[in-house]
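Notes to accompany the following structure.
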Amino acid sequence: MAHHKEMVFFHGTMGSRKSLELMLDQYRRQEKMHHNTLIIKPGEDLKAGGNVQTRAFGGEERGALIMPSDAEATEFVLHEMEKALGARATTIYLDEVNLFTAQQVESLRTGIVDEDIADVSMYGLTTDAFGNFFPGSEAALKLADRIVQLDNICDNDGCDRPAMRNARIVDGHILREGPQVAIDGVHATYMALCNKDYTADIVLPGK
């Protein structure tokens, strides 16, 4: 039976090592399986310039292409494959898929995965600081062949419950309203909290 390409969504809260998992899988596929790979990040992600960065291991980085928010995703990917690789990529990685548009995720599904051009592996948050779906993540949940949750533990000291919510912190308190996108470490500070601590609006000294 022929192997068809697939779209996979790896999701987790802040600090669940999403970018690290992306880098590890890219290394395995490129170095061990000799795949051609491309890493793409959204234009709204202002961290680390043209790189994908993980908090682990002292801020390890990998080079990435930046897709503008108004780019047609399939056209962008096919052009960059030829420009960067001179060949078809076998795996496309999307970091911070929550910051891509729903139309871009849908385009990669129909134009790249369904056409058996490349696998697409997406990494990102599912919901914002207020519990609402990001459009790119909602599209990823609808269209992915597989969905993988990356586990994390609540950031509140002494709590060992699973982290479920991405809390935007101002003066030790959880912000309950504001713009959907505020980049961690650039525009805002975040903590990954369990639902109990998020709902209770605990005071977080020093945050």
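Bear in mind these aren't lab numbers, they're just calculated from the coordinates by the rules spelled out. Keep in mind it's a predicted model, so treat the numbers as computed, not measured. Here the Cβ is made from the backbone with ideal geometry for all residues, glycine too, and neighbour counts use every protein chain on show.
At-a-glance table
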{"item": "DSSP bridge orientation in region 7-149 - percent antiparallel, rounded to nearest 5", "result": "15"}
{"item": "Relative contact order of region 71-160, pairs being alpha-carbon contacts under 8 Å that are 6 or more residues apart, as %", "result": "28"}
{"item": "Dipole of the chain, positive direction: furthest Cα of ALA129, CYS194, LEU94, with charges on the beta-carbon", "result": "CYS194"}
{"item": "Unit charges on C-beta of K, R, D, E only; dipole of the chain, Debye", "result": "420"}
{"item": "Under 28 Å between alpha carbons - lysine pairs in the chain that sit 8 or more apart or on different chains", "result": "22"}
{"item": "Calculated log₁₀ intensity ratio I(q)/I(0) where the Debye formula runs over C-alpha points of region 77-199, q = 0.15, 0.17 Å⁻¹", "result": "-0.77, -0.90"}
{"item": "ASN132 versus ASP114: modelled label distance in nm, points set 7 Å from Cα along the beta carbon direction", "result": "2.8"}
{"item": "Choice from MET191, MET67, MET33 with maximal GNM fluctuation in the chain (Cα, 10 Å cutoff)", "result": "MET33"}
{"item": "Distribution of pairwise C-alpha distances over the chain, 10 Å bins, in %", "result": "9, 35, 35, 16, 5, 0"}
{"item": "222 nm mean residue ellipticity, helices alone, for the chain (DSSP H n ≥ 4; -39,500 (n - 2.57); rounded to 500)", "result": "-5000 deg cm²/dmol"}
{"item": "Principal axis box of region 79-129, alpha-carbon based, largest edge first, Å", "result": "40, 21, 15"}
{"item": "Selection from GLY12, PRO179, LEU108 lying farthest towards where the dipole of the chain points positive, charges on Cβ", "result": "GLY12"}
{"item": "Size of region 149-196 as Cα extents on the principal axes (Å, biggest first)", "result": "28, 24, 18"}
